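The block underneath contains the structure these notes are about, expressed in structure tokens.
Just so it is clear, none of the values below were taken in a lab; they were calculated from the coordinates. Bear in mind the structure is a predicted one, so any value in this text is a computation, not a measurement. Glycine also receives a Cβ, built like all others from the backbone with ideal geometry; neighbour counts cover every protein chain displayed.
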């Protein structure tokens, strides 16, 4: 059972994160901590959200497209732009010039990383950390 139809609202407003910490109580329609936690756990269980901060469980990344769907978009973009076999920084996926105009442009790092982890799971990408500390991804052909 769905608590409410989230996709249209979230897609229309481009809301991607929900802060459910006690400090956010006045800004979230659910005024009790228990209600916020129940909603959050329900969304995670339904794969409509994932924890942006797995340890603290205070920031929820709300999804109006599945992680697999975001992964598909990124992989399609990489293929269309001749990036298969090449290396890109994770930061460039979030705000790089080549990614401008893409639906994932400006998305939170947590969403990009979840999508890239999905591509790693499919053997379509490799993630690494450079000597400068920046994160990179190499897109792999099928």
**Asked** How are the C-alpha pair distances of the range 91-138 spread across 10 Å bins, as whole percents from the shortest bin up?
**Response** 26, 54, 20
**Contour minus Cα-Cα distance for residue 126 and residue 56 (0.36 nm per residue)** = 22.4 nm
**Message:** Students often check this: by mean Cβ neighbours within 10 Å, which of 40-51, 123-134 ranks highest, and how do the rest follow?
**Reply:** 40-51, 123-134
**Asked** Which residues in the range 48-77 have a backbone N closer than 11 Å to a point placed 7 Å from the Cα of residue 37 along the Cα-to-Cβ line?
**Response** none
